[in-house]
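All remarks here apply to the structure that follows.
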Amino acid sequence: MKYDFFATSSSGMDVYAVTISDESGKIVITCTCEAGKRDVLCRHRIALITGKTRGVYAAKSNDAKNLQAAGRMLSEYGVDKRYAELQTMHENLERQWLEIRSQIKTAMNELVLPKG
């Protein structure tokens, strides 16, 4: 199955073509935005994966039933759940990094603080 959509830029000034397909036997989502051209997971692809298409995929330019069908396809392949798992892992690592960074900066500052 293959679906084509139009997504808007964050400014709303540009429109990008987004295609989702499983014709190769696995899910492929392409986007013509600058990030998509560099194979970076762009906000347009993330919106499809998470089902949060409002504000990214204009209702008048896209068939709502096709957006829902694309969401079901992603769910059937488990892409939405795996993305959520990876996003949670990423957020946890960022929190850990911020804590460790703070500890290191504190230790660095203690190198030059007067001992009291």
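When the residues of region 59-76 are filtered to those that are surrounded by 14 or more Cβ atoms within 10 Å (Cβ to Cβ) and touching a Gly at 6+ places or on another chain (Cβ under 9 Å), which remaining residue is farthest from Phe6 (Cα to Cα)?
Only one residue tops the list, namely Leu74.
Residue-wise test of (1) without any contact (Cβ under 8 Å) to a residue 12 or more places away in the chain; (2) exposed (fewer than 14 other Cβ atoms within 10 Å of the Cβ); (3) touching a strand residue (DSSP E or B) at 6+ places or on another chain (Cβ under 6 Å).
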site	(1), (2), (3)
Tyr3	no, no, yes
Phe6	no, no, yes
Met13	yes, yes, no
Asp22	no, no, no
Cys42	yes, no, yes
Gly51	no, no, no
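Right, Lys105: in a helix (DSSP H, G or I) and without any contact (Cβ under 8 Å) to a residue 12 or more places away in the chain or not? Write out each step before concluding.
Numbers: in a helix (DSSP H, G or I): yes; without any contact (Cβ under 8 Å) to a residue 12 or more places away in the chain: yes.
Here the answer is yes, as Lys105 does meet what is asked.
Return a yes/no flag: does region 70-89 have any residue that is in a loop (DSSP other than H, G, I, E, B) and either within 19 Å of the chain's Cα centre (by Cα) or aromatic (Phe, Trp, Tyr) (or both). I'd like the intermediate steps shown before the answer.
Our first condition is that a residue be in a loop (DSSP other than H, G, I, E, B); within region 70-89, this holds for 77-78.
Next cut, either within 19 Å of the chain's Cα centre (by Cα) or aromatic (Phe, Trp, Tyr) (or both) only: 77-78.
Within region 70-89 (the criterion being in a loop (DSSP other than H, G, I, E, B) and either within 19 Å of the chain's Cα centre (by Cα) or aromatic (Phe, Trp, Tyr) (or both)), the answer is yes, since at least one residue qualifies.
Counting only residues that are more than 16 Å from Asp22 (Cβ to Cβ) and in contact with a Ser or Thr (Cβ under 9 Å, 6 or more places away or on another chain), how many does region 42-58 have?
Taking region 42-58 and keeping what is more than 16 Å from Asp22 (Cβ to Cβ), we get 42-44, 46-47, 50-58.
Remaining after also requiring in contact with a Ser or Thr (Cβ under 9 Å, 6 or more places away or on another chain): 43-44, 47, 51, 55-58.
Residues in region 42-58 being more than 16 Å from Asp22 (Cβ to Cβ) and in contact with a Ser or Thr (Cβ under 9 Å, 6 or more places away or on another chain): 8 in total.
Is it true that some residue in region 91-101 is among the aromatic types (Phe, Trp, Tyr) and either surrounded by 14 or more Cβ atoms within 10 Å (Cβ to Cβ) or in a loop (DSSP other than H, G, I, E, B) (or both)? First the steps, then the outcome.
So in region 91-101, the residues among the aromatic types (Phe, Trp, Tyr) come out as 97.
In the following step, the residues that additionally are either surrounded by 14 or more Cβ atoms within 10 Å (Cβ to Cβ) or in a loop (DSSP other than H, G, I, E, B) (or both) were identified as none.
The answer is no, given that none of the residues of region 91-101 is among the aromatic types (Phe, Trp, Tyr) and either surrounded by 14 or more Cβ atoms within 10 Å (Cβ to Cβ) or in a loop (DSSP other than H, G, I, E, B) (or both).
Rule-based calculations on the coordinates, nothing more; no lab input. Because the structure is predicted, anything quoted here is derived from the model rather than measured. Methodologically, a virtual Cβ is constructed for each residue, glycine included, from the backbone with ideal geometry; neighbour enumeration extends over all protein chains shown.
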